[in-house]
Amino acid sequence: MAPLRIVSLLPSATEILFALGLDEQIVGVSHECDFPPAARSKKVVIHSRIPQDASPAEIDRLVREFSARGESVYSVDAEALRSLSPDIIVTQDLCHVCAASPEDLAAVLANFDHRPEVLCLNPLDLGDVWRDILWVGEQTFRPHAAEKLLETIGEKLGAIGRQVQCTNDCPGVAFLEWLQPIYVGGHWIPEMIERAGGRDVFGKSRTPSFRVSPDEVVAAQPHILIVAPCGYSANQAREEYRSMSFTPGWQDIPAVRTGRVYSLDANSYFSPPGPRLIPGLGILANVFDPTVQVGDEIEAAIMRMPVGRHAAST
């Protein structure tokens, strides 16, 4: 049987496929698939319609406008996709802002002589992410590799869990998934916070992220503030946060007052539902309790905002 030809339209699926040893069978990816670095060598078959230089507020506006018109944020390169003759296309139906949906593919694939199988991932929590790994393994004839990957994930989860000591006094955490306007993390993020020894003051597991006002963040009085806009690096998150002005009272939030505001790499460790959620969980555990041992590489991914330089109040 000829090797499968696989196209991945979301970064987390690309990460999973590489982790299962399917490097040579991945023939196409999205413009955002950048991990592992070898993914950048694959043919790009999908592009965002959002300008690269758009500000966070403009991105939010454009996404709302596209949604209101029933239009996709993404453009599928039909000719590029056809030229690859894929057997399997992996996409998702969880967030139409994060990757192409099945609807985006429908019109493109309608005229294909050889219709590829479409795997649509829709994880709502960590358990769903692990099940998706098994499903992708089964569909790509790598079930044993998927099981081995999950064993490794389980071992790492256990190593973190044995160090986490969470009592009724767990720190209150606000996870800011977007800043202009403010959205708080949903789906697997609240579960990650809980497993890491914190208490999410806003989000609930298996529910989408949602918008809150700065006044609501002030009223929640989180002890720890995580700044991790979807798709951003830690540096990008820090610079955007420090450039903003916030509502009166922001400086009196316990997290801000005590300097427990952290910018983290959402693009690597929190936004994509793949294996790197595990080091992401380790990052949170170390942020909540620095005595938790997670390794130098993970600790190096934590950026703490300097006290007194977090943001200007209006």
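The values are calculated or read from the model by the stated rules, or taken from the named source; none is laboratory data. All values derive from a computational prediction rather than experimental measurement. No Cβ is skipped: glycine too gets one built from the backbone with ideal geometry, and neighbour counts run over all protein chains shown. Heads up: the accessible areas ignore ligands, DNA and RNA and are worked out on the full protein's heavy atoms, side chains in. Shrake-Rupley method; radii C 1.70, N 1.55, O 1.52, S 1.80 Å.
Table for the structure above
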| item | result |
| --- | --- |
| In nm, spacing of pseudo-spin labels at residue 148 and residue 291 (7 Å Cα→C-beta vector) | 3.8 |
| Nitroxide proxy distance, nm - points 7 Å out along Cα→Cβ at residue 64 and residue 245 | 2.0 |
| Distance from segment 36-65 to segment 229-243 (C-alpha centre basis), Å | 16 |
| Computed E for residue 118/residue 2 - FRET, C-beta separation, R0 30 angstrom, nearest 0.05 | 0.95 |
| Order of exposure, largest accessible area first, which applies to 69, 49, 260 with probe 1.4 Å | 69, 49, 260 |
| Ranked order, 277, 124 - accessible area, probe 1.4 Å, largest first | 124, 277 |
| With Cα atoms, 0 to 90° folded angle of helix 143-161 axis to the chain main axis | 0 |
| Loop-resident sites, segment 144-249, for trypsin sites (Lys or Arg not before Pro), counting at most 10 other Cβ within 10 Å (DSSP) | 162 |
| Using a Förster distance of 22 Å, the FRET efficiency for residue 216-residue 106 (Cβ separation, nearest 0.05) | 0.05 |
| Reachable aspartates and glutamates from residue 204, criterion Cα separation under 19 angstrom, eight or more residues apart if same chain | 125, 128, 169, 177, 191, 194, 216 |
| Alpha-carbon centroids, segment 205-227 and segment 254-274: separation in whole Å | 12 |
| Ordering of 22-31, 169-178, 264-273 by packing [mean C-beta count within 10 Å, highest first] | 264-273, 169-178, 22-31 |
| Lysines whose Cα lies under 16 Å from that of residue 148, excluding same-chain neighbours fewer than 8 positions away | 156 |
| Accessible surface, 1.4 Å probe, highest first, among residues 213, 41 | 41, 213 |
| Ellipticity estimate at 222 nm from DSSP helix runs (n ≥ 4, -39,500 (n - 2.57)) divided over the chain, nearest 500 | -10500 deg cm²/dmol |
